[in-house]
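S.K.: Provided herewith is a single structure, encoded as structure tokens, for subsequent inquiry.
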Amino acid sequence: MNLFADAIAWIFSPDRAAGSLPLSQAVWTHLAFTAVAVLVAALVAVPAGWVIGHTGRGREIAVALSGAARAVPSFGLVLLLVLVLGVTHKVGAATTAFVLLAIPPILAGAYAGVEAVDRRVVDGARAVGMTPGQVLGRVEVPLGLPLLIGGLRSATLQVVATVTLAGYVGSWGLGFYIVQGIQLRDFSQILGAALVIVVLAVVLDLAFALLERAVVPRGVAAVRRT
Amino acid sequence: MIEFRSVTKTYPDGTVAVADFDLVVPPHRTTVLVGSSGSGKTTLLRMINRMVEPTSGSIEIDGTPVGERDPVKLRRSIGYVLQNGGLLPHQKVIDNVTTVLRLEGTPKTRARDRAHEVLDVVGLDRALAERYPSQLSGGQQQRVGVARALAADPNILLMDEPFGAVDPIVRAELQTETIRLQQELNKTVVFVTHDIDEAFLLGDQVVILSAGAQVAQVGSPSEIVENPASDFVASFIGVERGRRALRPKSTARGTVLVDSAGRTQGVLVEGSQ
């Protein structure tokens, strides 16, 4: 028996369109969890990161926070939040856990981007009479955008992989097949679902890689080419 | 007129950058602050447009202390040229030059027309307006920096070692251009450099600074060379050596001047001026 062939056969089997959880629905739920978690995390972490990068204040806290957050086991966090928020708020609990996981890389990307801007350029912008807000909005944010997108990229990858755990607390997303597969000892189902997650991750990574290149400001890209 | 009144700047770590500094910068003249690194010359310059706040003392522009003015408005009213231009790398030359005008709300077309004029003034081809700073040479970037500073037609121009990062040939060219510009525009220029030759070339008034922005001597280049106030000044400007230490040598065709290395630097023309 060939496990990979079976897994691929599982993915493309007509049964995937039917049943209690059709594959397409699982993919969309998976992506929806990812998108919502990354968006909410970005709403919090991007402005915070910009302020930290611009003022240079709170940097130590941000670094410590990101470092600590990387050590938090995501599975434990999901289960803990389900217990804390109660079984009736499983969606909220799972999403909160994913948001918390997505914040550190986005925060790091936002402040690192602003910090990486040549101090002489910032100095010049201030010296010609830009307000602190204009320095941030017109100079630091556009020049720091590639690093911010890099932060969003690693957050998205981390979350898209971790959303698999949502299948453990509810019958959502591609993780559900894996959890169910373990119980049924159906290895082609486990591997099939895992492969779909891998494809999602690769496609998202590729999209972000393109975006990262697209946001490099033109005048800056001109130097890199030579 | 810019006036420094017992200005002191002490940094939080205890470094005294400027101690009890007094100076009058006359209008429509070029004043050059010259000193080695650590002499506080850049700090002095940056206190004029409140990029640095003095610890005590005051700086007045035409009788108004700068401390009473809004820093953002103050900076927009003063041209500032930084070393390496300090241009925004993600904006085209034209947008860099119009920065101050656009910040002040000048309509786009009028700002662009003005930018093209200023590019002419600093001797840059208008075709470069649509390029990015990284696509220009060091000397061209520096001219864009000057154009940006001049765009809003400020009375005061601050120049912080603007030609420090370009090669000697381009530097000489930019220095000549600066003299020409000053003759045309008559701004009050405060220029910072560590190069005494540059100071003597450009300055109407030269201020020689030692550590902690102590004034070693203030005067015109001629006054300083003819009568150095101290051994420090004499050695700083190099009157005993190099190109400035000239002695006469008689030849068959008249007297020539030779430097300390014995190279003939010029011919002594008697009875002129």
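Just so it is clear, none of the values below were taken in a lab; they were calculated from the coordinates. These numbers come from a predicted model, not from an experiment. All Cβ positions, even for glycine, are placed from backbone atoms using ideal geometry, and neighbour counts span all protein chains on display.
S.K.: I'd like the distance between the alpha-carbon centres of the range B:94-123 and the range B:15-61, rounded to an integer number of Å.
M.R.: When both Cα centres are located, 29 Å separates them.
S.K.: State, as an integer percentage, the relative contact order of chain A based on alpha-carbon contacts under 8 Å between residues 6 or more apart.
M.R.: 27
S.K.: Provide B:92, B:9 in ascending order of the number of other Cβ atoms located within 10 Å of each residue's Cβ, fewest first.
M.R.: B:92, B:9
S.K.: Sticking with this structure for a sec: Just A:18, A:62, A:42 to compare: in a GNM of chain A, with alpha carbon springs under 10 Å, which one fluctuates most?
M.R.: A:18
S.K.: Per DSSP helix of 4 or more residues, -39500 (n - 2.57); summed, then divided by the residues of the protein assembly as shown. What does that give at 222 nm, rounded to the nearest 500?
M.R.: Computed ellipticity for the protein assembly as shown at 222 nm equals -16500 deg cm²/dmol.
S.K.: Further question on the same structure: Just going by the charge dipole of the protein assembly as shown, with Lys and Arg at +1 and Asp and Glu at -1 on Cβ, which of B:1, A:64, B:28 is farthest out on the positive end?
M.R.: Highest projection toward the positive end goes to A:64.
S.K.: What is the sum of charges, Lys and Arg at +1 and Asp and Glu at -1, for the other residues whose Cβ falls under 12 Å from the Cβ of residue B:158?
M.R.: +3
S.K.: Which of rounded, prolate, oblate describes the range B:167-212, given a ≥ b ≥ c as roots of the alpha-carbon gyration tensor eigenvalues and a/c under 1.5 marking rounded, otherwise prolate only if a/b is larger than b/c?
M.R.: Here the range B:167-212 falls in the oblate category.
S.K.: Give the distance, in whole Å, between the Cα centre of the range A:1-74 and the Cα centre of the range B:195-249.
M.R.: The range A:1-74 and the range B:195-249 have Cα centres spaced 67 Å from each other.
S.K.: Where Lys and Arg each count +1 and Asp and Glu each count -1, what net charge lies around residue B:238 among other residues with Cβ under 10 Å from its Cβ?
M.R.: In short, +1.
S.K.: What dipole magnitude, in Debye to the nearest 20, does chain B give about its Cα centre under +1 on Lys/Arg Cβ and -1 on Asp/Glu Cβ?
M.R.: 620
S.K.: Would you mind putting B:27-38, B:259-270, A:206-217 in packing order, based on average other-beta-carbon counts within 10 Å, highest first?
M.R.: B:27-38, A:206-217, B:259-270
S.K.: Taking each residue of B:40-49 in turn, how many C-beta atoms of other protein chains fall within 10 Å of its C-beta, and what is the average?
M.R.: The per-residue average across the peptide is 1.
S.K.: Here's something else I'd like to know. In peptide A:138-147, how many Cβ atoms from other protein chains are near each Cβ within 10 Å, on average?
M.R.: 2
S.K.: Next question. If you put +1 on each Lys and Arg Cβ and -1 on each Asp and Glu Cβ, how big is the dipole of the range B:191-242 around its Cα centre, in Debye rounded to 20?
M.R.: For this selection, approximately 120 debye.
S.K.: Taking the Cα centre of chain A as origin, work out the dipole magnitude from +1 charges on Lys and Arg Cβ and -1 charges on Asp and Glu Cβ, in debye rounded to 20.
M.R.: Value, rounded to 20: 600 debye.
S.K.: With θ set to phi - 60° and the Karplus curve 6.51 cos²θ - 1.76 cosθ + 1.60, what are the ³J(HN,Hα) couplings of the range A:90-97 in order, to the nearest whole Hz, using x for Gly and Pro?
M.R.: Residue by residue, the range A:90-97 yields 4, 4, x, 5, 4, 4, 4, 4 Hz.
S.K.: Springs between alpha-carbon pairs under 10 angstrom, Gaussian network model over chain A: which of A:37, A:69, A:97 fluctuates most?
M.R.: The residue that fluctuates most here is A:69.
S.K.: Could you give the angle, 0 to 90 degrees to the nearest 10, between helix A:175-184's Cα long axis and the longest principal axis of the Cα atoms of chain A?
M.R.: 30
S.K.: In 20 Å bins starting at 0, how do the alpha-carbon pair distances of the protein assembly as shown split up by percent?
M.R.: Computed distribution, short to long bins: 19, 37, 24, 15, 5, 1.
S.K.: Could you check the simple spin-label distance between residue A:36 and residue B:1, using points 7 Å along Cα→Cβ, in nm with one decimal?
M.R.: 7.1
S.K.: Work out the mean other chain Cβ neighbour count within 10 Å for the residues of B:76-87 and drop it here as an integer.
M.R.: 4
S.K.: For chain B, modelled as a Gaussian network with Cα springs under 10 Å, which listed residue fluctuates most, B:134, B:250, B:235?
M.R.: So, out of B:134, B:250, B:235, the one fluctuating most is B:250.
S.K.: On to the next question. Let me know the shape class of chain B, please: from the alpha-carbon gyration tensor, a ≥ b ≥ c as square roots of the eigenvalues, rounded when a/c is under 1.5, otherwise prolate if a/b is greater than b/c, or oblate.
M.R.: Oblate.
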